[in-house]
Amino acid sequence: MATVGIDHLAMPTADAEKLIAFYKKLGFAINDEEEWRAGEAKIFSIQAGDSKINVHPEGFTADLRGDTAVPGSADICFVWDGTAEDCQKMLNDAGVEIIRGPGPRKGARARGSLPAVSMYARDPDHNLLEWMIYL
């Protein structure tokens, strides 16, 4: 198969400032933040490894996006490179409530055959966030 990964996905937000602050507390880099603030870019993105999440701020319109995209409709799973305890501490230190987990989950690596645990939280738009920890 020639498709080998995900470059980016996109999600709208109801409050760009809250979203930026939230993801920065979790250690994510925000791409194009200065350009967006200066009005030179229509969107900014959240960097996650070699992938990114393009964020469509309030009032953003485009003809190339999901027809029914609304804030809170994303379900994103990040891979945590460390222990479940370290991930829990990072989330707790950032003031993020873990709504479920850690618990056993089936991830994508090795077509779901590697053991993993994950935990869940929500961002300010109520998008579901998951951190997958491969054991």
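The values are calculated or read from the model by the stated rules, or taken from the named source; none is laboratory data. Here the structure is a predicted model, which is why all the values come from computation and not from measurement. Neighbour counts are summed over all protein chains in view; Cβ atoms, including those assigned to glycine, are modelled from backbone coordinates with ideal geometry. Ligands, DNA and RNA are excluded from the accessible area calculation, which covers all protein heavy atoms including side chains. Shrake-Rupley method; radii C 1.70, N 1.55, O 1.52, S 1.80 Å.
Per-residue 3J(HN,Hα) values for region 16-30, derived from phi via the Karplus relation 6.51 cos²θ - 1.76 cosθ + 1.60 with θ = phi - 60°, read 4, 4, 5, 5, 4, 4, 4, 5, 5, 4, 8, x, 6, 7, 10 Hz in sequence order (x marks Gly and Pro). Considering only Cα atoms, the convex hull volume of the chain works out to 125 Å³ per residue. Taking a straight Cα-Cα cut-off under 24 Å and skipping sequence neighbours fewer than 8 places away in the same chain, the lysines within cross-link reach of LYS106 are LYS52, LYS89.
Against the longest alpha carbon principal axis of the chain, how many degrees, from 0 to 90 and to the nearest 10, is the axis of helix 84-93 turned? Compared with the principal axis, the helix lies near 40 degrees.
For the pair GLN47 and ILE99, label points projected 7 Å from Cα toward Cβ lie 2.9 nm apart.
Would you please state which residues of region 47-79 a label at HIS126 would reach in this model, taking the label point 7 Å out along Cα→Cβ and a backbone N cut-off of under 16 Å? Once the point is set 7 Å along Cα→Cβ of HIS126, 69-76 turn out to lie under 16 Å by backbone N, inside region 47-79. Neighbours of HIS126 by Cβ distance under 13 Å: Lys/Arg scored +1, Asp/Glu scored -1, total -3. Other residues within the sphere of radius under 12 Å centred on the Cβ of LYS25, judged by their own Cβ, net out at 0 (K and R +1, D and E -1). Its Cα centre serving as origin, the chain has a Cβ charge dipole (Lys and Arg +1, Asp and Glu -1) of approximately 600 debye. Take the Cβ atoms of TYR134 and ASN92, set R0 to 25 Å, and the FRET efficiency comes out at 0.75.
Here's the list of aspartates and glutamates a cross-link from LYS42 could span, going by alpha-carbon distance under 16 Å and ignoring same-chain residues fewer than 8 apart: ASP15, GLU17, ASP32, GLU33, GLU34, GLU58, ASP63. For the chain, the residue among PHE60, TRP80, PHE44 whose Cα projects farthest onto the positive side of the dipole built from Cβ charges is TRP80.
In the chain, helices alone account for a calculated mean residue ellipticity at 222 nm of -5000 deg cm²/dmol, with every DSSP H run of four or more residues adding -39,500 (n - 2.57). By its C-alpha gyration tensor, with a ≥ b ≥ c as the square roots of the eigenvalues, how is region 7-81 shaped: rounded for a/c under 1.5, else prolate for a/b larger than b/c, else oblate? Oblate is the answer for region 7-81, as a/c is 1.5 or above yet b/c matches or exceeds a/b.
Across the accessible surface of the chain, with the other protein chains kept in place and a 1.4 Å probe, carbon and sulfur atoms take up 50 percent. Over all other residues within a Cβ to Cβ distance under 11 Å of ILE6, the charged ones net out to -1, with Lys and Arg as +1 and Asp and Glu as -1. Scalar couplings 3J(HN,Hα) for region 120-133, obtained by applying the Karplus form with A = 6.51, B = -1.76, C = 1.60 to θ = phi - 60°, are 10, 8, 10, 8, x, 8, 6, 5, 7, 10, 10, 10, 9, 10 Hz; x denotes Gly and Pro.
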